[in-house]
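Colleague: Mind having a look at this structure? Questions to follow.
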Amino acid sequence: MIQFSNITVNYSYVPGALKDINLKLRKGDFTLLLGPTGSGKSTLLRLIYMDILPSDGIVTVDKWSSYHITPRQINLLRRNIGVVFQDFKLIENMSVYENVALPLIIEGYRRRYIKRLVHILLDEVNMLQSANQRASTLSLGEKQRVAIARAMAKNPFVIIADEPTGNLDREASQNVLSLLERIHQNGTSVIMATHDYELIKDTPYRRIYIENGQVLPPTRTIATPKTRINLLTQTE
């Protein structure tokens, strides 16, 4: 589904450069990208939805190739990819319903269809009761659940989650992971970048370790901390 062939990304002053990445991500998988902050995880994810293009090499995503993709084709590609960010990127003065409906409105879907689908999605993430609340009034965990509902609105073939639990406490983090697991079980590929090793330690999913801009060989892993201190609650 997704292939990185001899990928290099050069930044002159920003962390996250990548060096000679060769990697295949299979359709239908739940894939974990693991590594410390600045290791290149976010850069790798940005290449998938072609927010950036490689300095060298080719990224192939389904039928699209970074080698000859046009701006119009990038827009088509992004319609088939759902992206979940660490900082949610909701429009704070809009309601929960409006945030999830917005990408559908932009694409010109009919109002009746949008209403039915948004209600289904909000029910799936247990946020239907908050449909009329402004996003600014939600907890961080609630915001991320709304962001996931929005990412699913256009029935993408893959969900990209870039540190989706980075700002959340332990309970909210576990809820977000469980939600992504349900989405995966329903047939959508999920690629999740995280440095919360405690959260995913018992999961069976494929792990790809990234360090200093390079994918480590299968025989190597990153030394992970034995405990995770929750900086939001100051508890272990």
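Colleague: Restricting the search to region 52-72, which residues are at pLDDT 95 or above and closer than 20 Å to M152 by Cα?
Modeller: Across region 52-72, the qualifying residue is only V61.
Colleague: Could you tell me whether region 52-62 includes any residue that is acidic (D, E), closer than 20 Å to S189 by Cα and surrounded by 13 or more Cβ atoms within 10 Å (Cβ to Cβ)?
Modeller: yes
Colleague: Can you tell me which residues in region 151-167 are under 20 Å from G38 (Cα atoms) and in contact with a helix residue (DSSP H, G or I) (Cβ under 8 Å, 6 or more places away or on another chain)?
Modeller: Those that are under 20 Å from G38 (Cα atoms) and in contact with a helix residue (DSSP H, G or I) (Cβ under 8 Å, 6 or more places away or on another chain): I160, A161, D162, E163, P164, T165, N167.
Colleague: Which of the numbered conditions does N155 fail, given that it passes all the others? Conditions: (1) touching a Ser or Thr at 6+ places or on another chain (Cβ under 9 Å); (2) buried (at least 22 other Cβ atoms within 10 Å of the Cβ).
Modeller: (2)
A quick yes/no check of all residues on (1) charged (D, E, K, R); (2) assigned to a helix (DSSP H, G or I); (3) under 22 Å from I2 (Cα atoms):
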position: N155; (1), (2), (3): no, no, yes
position: A161; (1), (2), (3): no, no, yes
position: P164; (1), (2), (3): no, no, yes
position: A172; (1), (2), (3): no, yes, no
position: V176; (1), (2), (3): no, yes, no
position: R182; (1), (2), (3): yes, yes, yes
position: I191; (1), (2), (3): no, no, yes
position: I208; (1), (2), (3): no, no, yes
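Colleague: So, E107, is that one modelled with pLDDT under 95 and on the phi < 0 side of the Ramachandran plot or not? Let's see the steps before the verdict.
Modeller: Working: modelled with pLDDT under 95: yes; on the phi < 0 side of the Ramachandran plot: yes.
Taking the combined requirement at face value, the residue satisfies it.
Colleague: If you don't mind, another one. May I ask you to verify whether L33 is of a type outside the set (V, I, T) and more than 17 Å from the chain's Cα centre (by Cα)?
Modeller: Numbers: of a type outside the set (V, I, T): yes; more than 17 Å from the chain's Cα centre (by Cα): no.
Considered against the rule, which asks whether it is of a type outside the set (V, I, T) and more than 17 Å from the chain's Cα centre (by Cα), L33 comes out as no.
Colleague: Out of (1) farther than 21 Å from P71 by Cβ; (2) within 14 Å of the chain's Cα centre (by Cα); (3) buried (at least 20 other Cβ atoms within 10 Å of the Cβ), what's the single condition that is false for F4?
Modeller: With (1) farther than 21 Å from P71 by Cβ; (2) within 14 Å of the chain's Cα centre (by Cα); (3) buried (at least 20 other Cβ atoms within 10 Å of the Cβ) applied to F4, the lone miss is (2).
Colleague: Select, from R145, R170, R182, the only residue that is of a type in the set (K, R), more than 19 Å from P36 (Cβ to Cβ), modelled with pLDDT of 95 or more and surrounded by fewer than 18 Cβ atoms within 10 Å (Cβ to Cβ).
Modeller: Sole residue among the options that is of a type in the set (K, R), more than 19 Å from P36 (Cβ to Cβ), modelled with pLDDT of 95 or more and surrounded by fewer than 18 Cβ atoms within 10 Å (Cβ to Cβ): R182.
Colleague: Give the residues of region 66-78 that are over 21 Å from A151 (Cβ atoms) and surrounded by 15 or more Cβ atoms within 10 Å (Cβ to Cβ), sorted by residue number.
Modeller: Narrowing region 66-78 to residues over 21 Å from A151 (Cβ atoms): 66-72.
Of everything in region 66-78, those that are over 21 Å from A151 (Cβ atoms) and surrounded by 15 or more Cβ atoms within 10 Å (Cβ to Cβ) turn out to be S66, I69.
Colleague: Being closer than 22 Å to M192 by Cβ and crowded, with 17+ Cβ neighbours inside 10 Å is the requirement here; does I114 meet it?
Modeller: Numbers: closer than 22 Å to M192 by Cβ: no; crowded, with 17+ Cβ neighbours inside 10 Å: yes.
Here the answer is no, as I114 does not meet what is asked.
Colleague: Restricted to region 67-126, and to residues that are free of Cβ contacts under 8 Å to residues at least 24 places away in the same chain and polar (S, T, N, Q), which residue is nearest to S178 (Cα to Cα)?
Modeller: My answer is N126.
Colleague: Could you look through region 120-133, keep only residues that are assigned to a loop (DSSP other than H, G, I, E, B) and not β-branched (V, I, T), and pick out the one that is surrounded by the most Cβ atoms within 10 Å (Cβ to Cβ)?
Modeller: Per the criteria, the residue is M127.
Colleague: Also: Restricted to region 185-220, and to residues that are closer than 18 Å to N155 by Cα and among the aliphatic types (A, V, I, L, M), which residue is surrounded by the fewest Cβ atoms within 10 Å (Cβ to Cβ)?
Modeller: Taking region 185-220 and keeping what is closer than 18 Å to N155 by Cα, we get 185-192.
Retained after the next criterion (residues that are among the aliphatic types (A, V, I, L, M)): 190-192.
Details: V190: 21, I191: 25, M192: 29.
This residue is V190.
The values are calculated or read from the model by the stated rules, or taken from the named source; none is laboratory data. These figures come from a predicted structure and were not determined experimentally. Positions of Cβ are backbone-derived with ideal geometry, glycine not excepted, and every protein chain shown enters the neighbour counts.
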